[in-house]
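Student: Pasting in a structure now, in C-alpha cells, and then I'll have a few things to ask.
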Amino acid sequence: MLTLGIDIGSATSKVAVMRGGTVVLATALRRAGIGSDGPGAVLRDALRLAGCQMEDIAAVAATGYGRNMMEEADYRISELSCHGRGAHFLAPETRTLIDVGGQDAKVIRLDGRGRIMEFMMNDKCAAGTGRFLEVMAQVLGCGIQEFSGLAEGQEAAPISSTCAVFAETEVISRLAAGTPRGSIAAGINLSIAKRVGGLAMRMGVVPAVMMSGGVAQNASLVDMLGRELGADILVAKECQFCGALGAALLAWEKTRASGRKEP
Amino acid sequence: MLNDALQKLEETARSPKRAMEAYRQAGRPVAGCIPEYTPEVMVHAAGFIPFGLWGGETTIMLADSYIPTFACSLVRSCAEYGLNGTYRGLSFIIAPILCDALKGCVQTFRVAVKDPPVLPFSLPQNRTLPSAAAFTAQEYRALGEKIQKLTGAGISGQAMRRSIRIYNEHSRAMRDFDRAAAEHTDVIGARARQAVFKSAWFMEKEEHTGLVRQITRALEERPACRKNPARVVLTGVSAGSAALMELLEEEGFDVVGDHVYQDSWTYLHPIREDLEDPVMALAEHWIQVGGSCVAHERRRSRSAAVLKLAKEREAGAVVLCLMKFCDPEEYEAPLMLAELKKSCPTLTLDIDQNSDNLEQLRTKIQTFRDVLDS
C-alpha cells in the first residue's frame, strides 16, 4: 500500500511517499509554503521521484498550517502528531522532540511507542522560529543556507532581543559598530537556542533529544541548543521531512485500521 | 420552544451592544459591571439593569496610550470601548480592584473616560479575618452611596432582599441547566452551552431565568444523549470566543462542565437570605468564594474543585483557558497545572480577545485529541 504525507508549512512544502508504512520511496521539498504553488509542485515532484501517480496512492494525509487547504487529503492531522510519529520512525529512542519550523517552535515528549505524552508550542510570535532566522539572514545579507556556516566557530555577540522586529534594529546597530558578521550570526543563533531551550525546559527534557524542522540544519544553533539543555541532540538527515514522513505513516495506519481497499 | 429560547440567548451573547441599546430604547437604565465579583445585586436593587463588561474582540488603538500590551485583553478591550465611546449610554460602571491591570483600567476611565463615570470598590484578600466581612459590607455601602449620589437612586433593604431572591433563583436555574446540559450534548454543544452562560451577563435576570428554565425543561423531557466520548471540563476566567467553542466541537469534544467565572462557576453558591442585613449577606458571599485566582486562599482549592467536577461529570480531560497576561491566573497556573496533570490529561489554551488567529489553537486541540485517542 502506498501512502503519501504532505507537510505544508509557512515557508516550505514537503512530501514523503511510503510503501507499507516502512519503506520511504521518495521525499521532495519546495521552498514555498501555504498560499503558494509550492504544495502542488512538490506533490508532482514526489510522485515523479517515486515513479507513481496520484491514483496509485491509497491515502493522503496533510499536515502543517496548510493542511486544511489540501483538497486531495483523506486525513488532516496536526503537525505535532505527525512530527512525533516521524521522529519515532527516524530514531525510535527519541523521547524529546524539538521542532523549529518557519512559523513556530514545538517541544514534544514521546513514549517508547512514539505516542505523544505531552507537548508545548511557542506563542504566536516569530521569536525563536525559522522566520526569525530568515529576517536576520536578510539583514546580514546572506541566504539562510549560508547563515549556519557564517556562525560556525565564532564568538557570539550578545543579541538581547528575541523579537524579530527589535532584533533587526539591534543587529543593524552591531553592524554599524563594526561587529563581525559571523559573531552577530552566532549571537542570533544563541538567542534562538536560549528561547527554544527555555520552552523545552518548561516541559522537562528527557533524552534522547531529537531536533527536526528546517532550522535543525543550522549546525551551530543545534550545538548551542545542546549546550543549553546539557544533552546531545540527534539530527536526522531527513530532519525536514519528519512531519511528512509522520503523515505518510499515520495515513498508512489509519487506512489499514479502517479496512479501506487499496487502489 | 427549546430552539427559540436557545436562539434568543445566542443572539444576545453574540451582540451585547444590541441588547444594551434595546434596554435603553425601552427606557430602562443600564449600568456596566466589570468582572469579577462585582455586586450586581446592588445595581439591580438600585433599579438598573446590570450589564457585564467583558471587553470583546476589537483592535486596540486608543487604549495603547494608557494600558501596556502585556495587560490582559479583557482589561485592554474594556478600556478601548470606554475610550472609543462604545460604553456611552451606560448610567455608570462599577469595577472591582482585584488586580493591577484592573487598577490601571479604572485609572484610565477616571482620566480619559468621563462618560460613563466609573465607581471602583475594593474587595479584601485576607478573608479569614473576622473583620473581612465587615470591611466588604462597608465597601458595598460606600458603593451604594456613590450610586445614589450620582443617580439619585437609593437602595433600600427591601429592594436588596428582593434582588437577592431573584439572583438566587437565577443561580438555581443556571445550576440546573448546567447539569442537564452535561447529559444532553447532542443538543447543547460547546457553543450553545457557552451562549447560555454568556448571555446571562447581558440580560435582565428575571427574563434570563425564564428562558433558561424553558431550555432545561425541554432537555429533561428528552432522553439523555452524550454526543462524543471525549468529555472535557473547562477552567479559567473566561473560555474565550464562540469560535474557540466551535473548534472544540469540530474536534469532537463535549464540554460537560466548567470552572469558568464567565460561565457556570459564578452560580455555585447562593447568597444567604436568612440574614437581617442583606448587604452583610452579599459581603459573606465574597468571603466564601473558593477556587478563584483573584481570591486569596491559604490552601488553594481550584485544582481539587476542577478534578472533582471532572469526576462527577465523567470527563476525561481538563482544558485550562488561560487568559493571556492575566497576572493572577498566570501566577497560579504552574502549580495548578502540576496538580491537574497528576490526575487528568490537561490542555492549556491561551485566551486572547484581541487575536483572531485560531490556527494555533486548532493545532493544539487537534493534537490533544490525538493524545487522548492514543
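The values are calculated or read from the model by the stated rules, or taken from the named source; none is laboratory data. Quick caveat: nothing in here was measured; it's all calculated off a predicted structure. Glycine gets a Cβ as well: all are built from the backbone with ideal geometry, and neighbour counts include every protein chain shown.
Student: Only one of (1) in the same structural domain as A:Met203 (by TED's automatic domain parsing); (2) of a type outside the set (Lys, Arg); (3) surrounded by fewer than 23 Cβ atoms within 10 Å (Cβ to Cβ) fails for A:Ala41. Which number is that?
Tutor: (1)
Student: Does A:Leu199 meet the test of being farther than 16 Å from A:Ser148 by Cα and assigned by TED's automatic domain parsing to the domain that holds A:Ala58?
Tutor: Values: farther than 16 Å from A:Ser148 by Cα: yes; assigned by TED's automatic domain parsing to the domain that holds A:Ala58: no.
Judged against the criteria, A:Leu199 is not a match.
Student: Which one of these is away from chain B (no Cβ under 14 Å), in contact with a Pro (Cβ under 8 Å, 6 or more places away or on another chain) and surrounded by fewer than 21 Cβ atoms within 10 Å (Cβ to Cβ): A:Ala58, A:Ala91, A:Ala156, A:Ala137?
Tutor: Values: A:Ala91 fails: in contact with a Pro (Cβ under 8 Å, 6 or more places away or on another chain); A:Ala156 fails: in contact with a Pro (Cβ under 8 Å, 6 or more places away or on another chain); A:Ala137 fails: in contact with a Pro (Cβ under 8 Å, 6 or more places away or on another chain).
Exactly one residue qualifies, and that residue is A:Ala58.
So that you can scan it fast, the table gives a plain yes or no per residue for (1) of a type in the set (Phe, Trp, Tyr); (2) at pLDDT below 95:
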position	(1), (2)
B:Ile94	no, no
B:Leu98	no, yes
B:Thr136	no, no
B:Ala142	no, no
B:Tyr167	yes, no
B:Arg179	no, no
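Student: Just to be sure I understand, how many residues within the stretch A:13-38 are more than 28 Å from A:Gly259 (Cα to Cα) and without any contact (Cβ under 8 Å) to a residue 60 or more places away in the chain?
Tutor: The total comes to 10.
Student: Same structure again: Check whether at least one residue in the stretch A:169-185 is part of a helix (DSSP H, G or I) and within 24 Å of A:Met121 (Cβ to Cβ), and report yes or no. Write out each step before concluding.
Tutor: We begin by selecting, within the stretch A:169-185, every residue part of a helix (DSSP H, G or I); these are A:169-176, A:181-185.
If we keep only those that are within 24 Å of A:Met121 (Cβ to Cβ) as well, we get none.
Within the stretch A:169-185, not a single residue is part of a helix (DSSP H, G or I) and within 24 Å of A:Met121 (Cβ to Cβ).
Student: Which condition breaks for A:Val107 when tested against (1) facing chain B (nearest Cβ under 10 Å); (2) surrounded by 20 or more Cβ atoms within 10 Å (Cβ to Cβ); (3) at pLDDT 80 or above?
Tutor: Here A:Val107 meets the rest and fails (1).
Student: Considering the stretch B:238-256 alone, what residues qualify as being charged (D, E, K, R) and closer than 22 Å to B:Leu307 by Cβ?
Tutor: B:Asp254
Okay, residues lined up against (1) crowded, with 20+ Cβ neighbours inside 10 Å; (2) without any contact (Cβ under 8 Å) to a residue 60 or more places away in the chain:
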| residue | (1), (2) |
| --- | --- |
| B:Phe253 | yes, no |
| B:Trp265 | yes, yes |
| B:Trp286 | yes, no |
| B:Val294 | yes, no |
| B:Ser301 | no, yes |
| B:Glu314 | no, no |
| B:Ala317 | no, no |
| B:Leu322 | yes, no |
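Student: Answer with yes or no whether B:Ala79 is within 19 Å of B:Ala200 (Cβ to Cβ), buried (at least 16 other Cβ atoms within 10 Å of the Cβ) and touching a helix residue (DSSP H, G or I) at 6+ places or on another chain (Cβ under 6 Å).
Tutor: Taking the combined requirement at face value, the residue does not satisfy it.
Student: Another one. Which condition from (1) touching a Gly at 6+ places or on another chain (Cβ under 8 Å); (2) within 25 Å of B:Arg18 (Cα to Cα); (3) part of a loop (DSSP other than H, G, I, E, B) is the one that B:Gly55 breaks?
Tutor: (1)
Student: Just to check your reading of the model, which residue among A:Arg67, A:Arg76 is within 19 Å of A:Ala32 (Cα to Cα), within 10 Å of chain B (Cβ to nearest Cβ) and out of contact with any Gly (no Cβ under 6 Å at 6 or more places or on another chain)?
Tutor: So the residue among A:Arg67, A:Arg76 that is within 19 Å of A:Ala32 (Cα to Cα), within 10 Å of chain B (Cβ to nearest Cβ) and out of contact with any Gly (no Cβ under 6 Å at 6 or more places or on another chain) is A:Arg67.
Student: Using the structure shown, decide if B:Val279 is under 30 Å from B:Val371 (Cα atoms) and touching a residue at least 60 places away in the same chain (Cβ under 8 Å).
Tutor: Working: under 30 Å from B:Val371 (Cα atoms): no; touching a residue at least 60 places away in the same chain (Cβ under 8 Å): yes.
Answer is no for this residue.
Student: Restricting attention to the stretch B:211-235, which residues are under 25 Å from B:Val371 (Cβ atoms) and at pLDDT 95 or above?
Tutor: Once the filter is applied, which keeps residues that are under 25 Å from B:Val371 (Cβ atoms) and at pLDDT 95 or above, the stretch B:211-235 yields B:Arg231, B:Val232, B:Val233, B:Leu234, B:Thr235.
Student: Filter the stretch B:125-160 for residues that are among the charged types (D, E, K, R) and touching a helix residue (DSSP H, G or I) at 6+ places or on another chain (Cβ under 9 Å); which is nearest to B:Val289 (Cα to Cα)? Write out each step before concluding.
Tutor: Of the residues in the stretch B:125-160, the ones among the charged types (D, E, K, R) are B:127, B:139, B:141, B:145-146, B:149.
Going one step further and asking which of them are touching a helix residue (DSSP H, G or I) at 6+ places or on another chain (Cβ under 9 Å), we end up with B:127, B:139, B:141.
On the way: B:Arg127: 9, B:Glu139: 17, B:Arg141: 20 Å.
The qualifying residue nearest to B:Val289 (Cα to Cα) is B:Arg127.
Student: Checking the condition basic (Lys, Arg) and buried (at least 17 other Cβ atoms within 10 Å of the Cβ), which residue from B:Arg213, B:Arg272, B:Arg226, B:Arg222 passes?
Tutor: B:Arg213
Student: Pairs only if they're at least six apart or on different chains, beta carbon under 9 angstrom, first in the stretch A:132-144 and closer than 17 Å to A:Pro180 by Cα, second in a loop (DSSP other than H, G, I, E, B); list them, first residue then second.
Tutor: Pairs found: A:Met136/A:Ile159; A:Ala137/A:Gly143.
Let's see how each residue does on (1) in contact (Cβ under 8 Å) with a residue 40 or more places away in the chain; (2) farther than 18 Å from A:Gln103 by Cα; (3) touching a strand residue (DSSP E or B) at 6+ places or on another chain (Cβ under 8 Å):
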position: A:Leu4; (1), (2), (3): yes, yes, yes
position: A:Ala11; (1), (2), (3): yes, no, no
position: A:Gly40; (1), (2), (3): no, yes, no
position: A:Ala46; (1), (2), (3): yes, yes, yes
position: A:Cys52; (1), (2), (3): yes, yes, yes
position: A:Ile57; (1), (2), (3): yes, yes, yes
position: A:Tyr75; (1), (2), (3): yes, yes, yes
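Student: Got a number for residues in the stretch A:210-221 being buried (at least 22 other Cβ atoms within 10 Å of the Cβ) and out of contact with any Asp or Glu (no Cβ under 6 Å at 6 or more places or on another chain)?
Tutor: Just the residues of the stretch A:210-221 that are buried (at least 22 other Cβ atoms within 10 Å of the Cβ), to begin with: A:210-216, A:218, A:220-221.
From what is left, the residues that are out of contact with any Asp or Glu (no Cβ under 6 Å at 6 or more places or on another chain) are A:210-211, A:214-216, A:218, A:221.
Here the count works out to 7.
Student: Please verify whether B:Thr266 is of a type in the set (Ser, Thr, Tyr), in a helix (DSSP H, G or I) and within 14 Å of chain A (Cβ to nearest Cβ), treating the condition exactly as stated.
Tutor: Criteria not met by B:Thr266.
Student: Quick one: which helices (runs of 4 or more DSSP H) lie wholly within the stretch B:111-226 and hold at least 1 residues that are more than 17 Å from the chain's Cα centre (by Cα)?
Tutor: On the way: elements: B:131-151, B:157-182, B:190-199, B:205-221.
Hits in the stretch B:111-226: B:131-151, B:157-182, B:205-221.
Student: Still on this model: Looking at (1) of a type in the set (Lys, Arg); (2) part of a helix (DSSP H, G or I); (3) over 24 Å from A:Gly141 (Cα atoms), which one does A:Lys237 not meet, given that it meets all the others?
Tutor: (2)
Student: For residues that are among the β-branched types (Val, Ile, Thr) and surrounded by 22 or more Cβ atoms within 10 Å (Cβ to Cβ), scanning just the stretch B:162-210, find the one that is farthest from B:Asp258 (Cα to Cα). Talk me through it step by step, then tell me what you get.
Tutor: Within the stretch B:162-210, the subset among the β-branched types (Val, Ile, Thr) is B:164, B:166, B:185, B:187-188, B:196, B:209.
Add one more test, that the residue is surrounded by 22 or more Cβ atoms within 10 Å (Cβ to Cβ), and what stays is B:164, B:185, B:188, B:196.
Working: B:Ile164: 24, B:Thr185: 14, B:Ile188: 14, B:Val196: 13 Å.
Looking at the filtered set, the residue picked out is B:Ile164.
Student: State the number of residues belonging to the stretch B:59-77 that are touching a Phe, Trp or Tyr at 6+ places or on another chain (Cβ under 8 Å) and within 21 Å of B:Leu123 (Cβ to Cβ).
Tutor: 3
Student: What is the number of the single condition among (1) in contact with a Phe, Trp or Tyr (Cβ under 7 Å, 6 or more places away or on another chain); (2) buried (at least 24 other Cβ atoms within 10 Å of the Cβ); (3) more than 14 Å from every other protein chain (Cβ to nearest Cβ); (4) not acidic (Asp, Glu) that A:Thr27 does not meet?
Tutor: (2)
Student: In this structure, does A:Ile98 turn out to be at pLDDT 80 or above, more than 13 Å from chain B (Cβ to nearest Cβ) and either farther than 29 Å from B:Thr69 by Cα or in contact with a strand residue (DSSP E or B) (Cβ under 7 Å, 6 or more places away or on another chain) (or both)?
Tutor: Details: at pLDDT 80 or above: yes; more than 13 Å from chain B (Cβ to nearest Cβ): yes; either farther than 29 Å from B:Thr69 by Cα or in contact with a strand residue (DSSP E or B) (Cβ under 7 Å, 6 or more places away or on another chain) (or both): yes.
Yes: the conditions hold for A:Ile98.
Student: Keeping to the stretch B:344-369, report how many residues are touching a helix residue (DSSP H, G or I) at 6+ places or on another chain (Cβ under 6 Å) and facing chain A (nearest Cβ under 7 Å).
Tutor: 1
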